[in-house]
Amino acid sequence: MAYCHEDLRVIFAKTDGRCHICWKSMRFGLYGLSQGWEVEHSNPRCNGGTDRLCNLFPAHVICNREKGSKTTRTARSWHGRNRAPLSRKKKEQIKSNNRWGLGTLGGFLGLFAGLPGVIVGITIGALVGDCIDPEGA
């Protein structure tokens, strides 16, 4: 199936430019090349999968071919993974929530030391929240 440039961008961004099977980086400009990437059906068409965007993910050509008609869960397990990489937008959302949450917690804990403690607590909490890997890797 041929995909328009915008659909390819959306599919590529779903995993922040990483193969949804092995999680390794890909280059957008290598779409369709043998050493590049292609659109992979998480639920293969031969098993009833559709061409809807929610079923389409970017994958290295070799990862997609190795997967064949196997389940995505099986293919990811070969690489020690059980889900697709997060999009850049989702990672930023999680980091923002971590900063706010831990910053707030730090501020409350800092109340015991007065206003300077609150400021230091918020700062440290936000920094720690920012350092947490949203994908838990």
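Annotations
- In the set (1) touching a Phe, Trp or Tyr at 6+ places or on another chain (Cβ under 8 Å); (2) free of Cβ contacts under 8 Å to residues at least 12 places away in the same chain; (3) aliphatic (A, V, I, L, M), Leu111 fails one condition alone, (1).
- Residue, most open to solvent (accessible area, probe 1.4 Å), within region 30-43, restricted to residues that are within 12 Å of Asn64 (Cβ to Cβ) and touching a residue at least 24 places away in the same chain (Cβ under 8 Å): Ser34
- Residue match in region 94-110 (condition: aliphatic (A, V, I, L, M) and within 26 Å of the chain's Cα centre (by Cα)): yes
- Sub-9 Å Cβ pairs linking a first residue in region 1-29 that is closer than 22 Å to Gln93 by Cβ and of a type in the set (D, E, K, R) to a second residue that is open to solvent by less than 60 Å² (accessible area, probe 1.4 Å) and not in a loop (DSSP other than H, G, I, E, B), at least 6 apart or interchain, are Arg9/Phe28; Lys14/Leu56; Lys14/Phe57; Lys14/Pro58; Asp16/Lys91; Arg18/Pro58, ordered by first then second residue.
- Candidate set: region 79-88, residues that are surrounded by fewer than 16 Cβ atoms within 10 Å (Cβ to Cβ) and touching a residue at least 24 places away in the same chain (Cβ under 8 Å); chosen: the one farthest from the chain's Cα centre (by Cα): His79
- Scanning region 89-120 for residues that are under 29 Å from Ile11 (Cβ atoms) and open to solvent by less than 70 Å² (accessible area, probe 1.4 Å) turns up Lys91, Ile94, Lys95, Ser96, Asn98.
The values are calculated or read from the model by the stated rules, or taken from the named source; none is laboratory data. Source: prediction; values computed, not measured. Ideal geometry is used to build each Cβ from the backbone, glycine not excepted, and the neighbour counts take in all protein chains shown. Accessible surface areas use protein heavy atoms only, side chains included; no ligands, DNA or RNA. Shrake-Rupley method; radii C 1.70, N 1.55, O 1.52, S 1.80 Å.
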